[in-house]
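The values are calculated or read from the model by the stated rules, or taken from the named source; none is laboratory data. Since we're looking at a predicted model, the values are computed, not measured. FYI the Cβ positions are ideal-geometry reconstructions off the backbone, even for glycines, and counts take in every protein chain you see. Side chains included, ligands, DNA and RNA excluded: accessible areas come from the protein's heavy atoms. Shrake-Rupley method; radii C 1.70, N 1.55, O 1.52, S 1.80 Å.
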Amino acid sequence: MTRPLSIVVVEKDRERALMIVDGLREAGAHDVVVIGDETGLARRIAERNPDLVLIDLASPSRDVLEELTLATSPMDRPVAMFVDRTDGGMTQAAIEAGVSAYVVDGLRPERIKPILDAAIARFQMVQKMRAELAATRRALEERKVIDRAKGLLMRARNIDEDAAYALLRKTAMAQGKKLADVAQALVTAAELLK
């Protein structure tokens, strides 16, 4: 059995907040907390550390989006924002603030669960792409360091590229370290000796 989601609902209007909470409870057993005041939103969301944030606003302001960016970077958690009206610039600002689902004129109890499911799925997809991008960047940086270390060994020992790579690999294995770490140590040492 999956654990219930911890959800923070940001909604000023008490009646709308109750409607959202009822919609969430109908969708499943969730731990729901309502924040009725946008003041100190970043701190209050951080204190709760929810799995998901649902924000309902008549018309989002830049101040609220800035608070949201502070409270919920795209790395933290999915955010679903329901607004009554918007403009193109505000939509872009919301997405840049880390909003996973931005729904205009769409807050109805029967729509809450599918939209939250979509926000969670989108958030997970973006997280996966970020992780893959970070891994690719790390691999590229490691490759650059290894190539620099091979170049240093080729010049210092007057050997070819395959022999330089073999020497790096043999050293890494003997020291129980990653090849990239040995290469980085060699490059750092060479820079110190300049």
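Quick one: putting +1 on the C-beta of Lys and Arg, -1 on the C-beta of Asp and Glu, what dipole do you get for the chain around its Cα centre, in Debye to the nearest 20? Walk me through the intermediate numbers first.
Details: 30 positive and 30 negative charges, 265 e Å.
Its charge dipole is roughly 1280 debye.
Considering only 124, 20, 5, whose Cα is most displaced toward the positive end of the charge dipole of the chain, charges sitting on Cβ of Lys, Arg (+1) and Asp, Glu (-1)?
Of 124, 20, 5, it is 124.
For the chain, what's the relative contact order in percent, using C-alpha pairs closer than 8 Å and at least 6 residues apart?
On the way: 254 pairs, mean separation 29.6, N = 194.
With pairs under 8 Å counted, the relative contact order is 15 percent.
With every protein chain kept in the model, how would you rank 194, 150 by accessible area, 1.4 Å probe, largest at the top? Present the calculation step by step, with values, prior to reporting the outcome.
Details: 194 190, 150 15 Å².
Output order, biggest surface exposure first: 194, 150.
Of [x] 78, 40, 26; [y] 39, 35, 30; [z] 56, 35, 31, which one was derived for Cα extents along the principal axes in Å from the structure shown?
[x]
On the protein heavy atoms, probe 1.4 angstrom, tell me the percent of accessible surface of region 1-56 carried by carbon and sulfur. Don't skip to the answer; put the middle values down first.
Numbers: 1520 of 3110 Å².
Carbon with sulfur: 49 percent of the solvent-accessible area.
Can you give the angle from 0 to 90° between the axis of helix 179-192 and the longest principal axis of the chain, with both taken from C-alpha atoms, to the nearest 10?
The angle comes out at about 70 degrees.
Among the listed pairs 150/194; 144/177; 128/177; 150/170, which are separated by more than 24 Å between their Cα atoms?
Working: 150/194 17 Å; 144/177 18 Å; 128/177 28 Å; 150/170 13 Å.
Correct reply: 128/177.
Ignoring ligands, DNA and RNA, how do 81, 173 rank by accessible area with a 1.4 Å probe, largest first?
Numbers: 81 0, 173 135 Å².
Output order, biggest surface exposure first: 173, 81.
Find the accessible area per residue for the chain; the probe is 1.4 Å, ligands and nucleic acids are left out, and the unit is Å². Numbers along the way, then the final one.
Values: 11630 Å² over 194 residues.
With all protein chains present, the chain gives 60 Å² per residue.
At what distance in nm do the modelled label points of residue 169 and residue 188 sit from each other, each positioned 7 Å from its Cα along Cα→Cβ?
Distance between label points: 2.5 nm.
How many percent of the accessible area of region 95-194 is carbon or sulfur, using a 1.4 Å probe?
With neighbouring chains kept in place, the figure for region 95-194 is 56 percent.
Quote to one decimal, in nm, the extra length available between residue 26 and residue 14 on full extension: 0.36 nm per residue of separation minus the C-alpha distance between them. Provide the component values of the computation, followed by the final result.
Values: separation 12, 0.36 × 12 = 4.32 nm, distance 1.82 nm.
Result for the pair: 2.5 nm of gain on full extension.
If you build a Gaussian network model of the chain, linking Cα atoms that sit under 10 Å apart, which residue out of 159, 112, 55 swings the most?
159
How would you classify region 95-194 from its alpha-carbon gyration tensor, with a ≥ b ≥ c the square roots of the eigenvalues: rounded for a/c under 1.5, else prolate if a/b is greater than b/c, otherwise oblate? Each step should come with its number before you reach the end.
On the way: a/c = 5.19, a/b = 3.92, b/c = 1.32.
Because a/c hits 1.5 or more and a/b exceeds b/c, region 95-194 counts as prolate.
Tell me the angle of helix 161-175 to the major Cα principal axis of the chain, expressed in degrees between 0 and 90 and rounded to the nearest ten.
Compared with the principal axis, the helix lies near 70 degrees.
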